[in-house]
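Each remark here refers to the structure printed beneath this line.
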Amino acid sequence: MAVYKEEKTNTWRAVYRYTDWNGERKQTQKRGFRTKREAQAWEREQLNKTSADLDMTFKSFVDLYTADMKTRLKENTWATKEHIIRTKLLPYFGKLKMCNITAQQIITWQNEMLNHKDENGKPYSPVYLKTVHNQLSAIFNHAVRYYNLRDNPCKKAGSMGKKKNREMMFWTKEQYLKFADVMMDKPLSFYAFEMLYWCGIREGELLALTPADFDFEKCTVTINKSYQRLNGQDLITTPKTEKSNRVITMPQFLAEEIQDYLKMLYGIGADDRMFTVTKSYLHREMDRGSKEAGVPRIRIHDIRHPYVKHTTKNIILKSRKPKLPR
């Protein structure tokens, strides 16, 4: 370890040398410190990180947490975690030492989150507050489990928010049919919501579907992937859980409808996405269709639950074809 004065810039430079977990000698450095004390403080922080000393700052521990966890999680899952850490945790806890953060400080932070209002005067939802708190607690649990922190102060402080935002709402079959009739003016929207309602799949699963996923002789569709839009890029991942990998039997009328839809997609390949829109598009169409059909606006996620309760074996419906624009 060494600290040097750089005469040309009249600033200080700190160089830290260490042995990594492979036994290799490494070196890291940082320039531009205004004082020797600042350079030495940075040097001490690097020592704390490499020795896993919980005397380090919360920000430095987040760097360790990131190195430990990022490669173990799906890219979209980590993106959500990283956003919460960057915007909700680091601004408050970043400069505090891990070993000194108390339950009282966490309660004070919780109160700030509970009292927050956006530009329209809306607070954070109870579910979001629960999610943010769980992320903070996960970081401290990691420190307890792997870096010898004595305890998790979040447990003493208690949680905030709640797991479920509101009761799940459902459409009756009659309400869905009214909605579906409105969707017929846009074939893509009509067929997308048909798949969501009658097959009980999730939005990401729908948007990842390709022609190769369908077996029209057996009237089945294979669910083995999910679509996300992350940092401006299309991302195909595995489904939400291992059990989400499944083969679904479709009603005969739906198999016929999807074959009709594929005929409209000129030049589509077996592994090309069939519904080349985003979740935002589906939500806008949900708003439009609910209003025009005069049915309650429910969450798109909730459309799938009537399927879970009533399997397609109990569904009887005549085949319908959308009224295509001329």
Checklist outcome for this item: Largest fluctuation, S226, S244, S280 only, Gaussian network model of the chain with Cα springs under 10 angstrom, belongs to S280
Item to check | Between segment 107-145 and segment 151-210, the Cα center-to-center distance that results, in Å | outcome: 24
Next on the checklist: Sequence gap of 8 or more, or different chains, plus Cα separation below 23 Å: how many lysine pairs satisfy both in segment 140-212?
Outcome noted: 5
Checklist entry - Which residue, C219, C154, C199, has the most motion in a Gaussian network model of the chain that connects Cα atoms within less than 10 Å? => result C219
Next on the checklist: Once you order the gyration tensor axes a ≥ b ≥ c over the Cα atoms, which shape class does segment 173-308 get: rounded for a/c under 1.5, otherwise prolate or oblate by comparing a/b with b/c?
Outcome noted: rounded
Item to check | Gaussian network model of the chain, springs between alpha carbon atoms under 10 Å - residue of T237, T71, T249 with greatest fluctuation | outcome: T71
Next on the checklist: What number does segment 216-273 give for Rg over Rh if you use C-alpha atoms and the Kirkwood radius?
Outcome noted: 1.03
Next on the checklist: How much of the pair distance distribution for the chain lies past 31 Å, counting alpha-carbon pairs only, in percent?
Outcome noted: 51
Checklist entry - If you rank M274, M169, M56 by fewest surrounding Cβ atoms within 10 Å, what's the result? => result M169, M274, M56
Item to check | Helix-derived mean residue ellipticity, 222 nm - over the chain, DSSP H n ≥ 4, -39500 (n - 2.57), to 500 | outcome: -13500 deg cm²/dmol
Item to check | segment 3-157 - convex hull of the alpha-carbon atoms, volume per residue in Å³ | outcome: 156
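FYI, it's all coordinate maths here, none of it is from the lab. Treat the numbers as computed from the prediction; the structure is a model and nothing was measured. With ideal geometry, Cβ positions are generated from the backbone for all residues, glycine too; neighbour counts draw on all protein chains shown.
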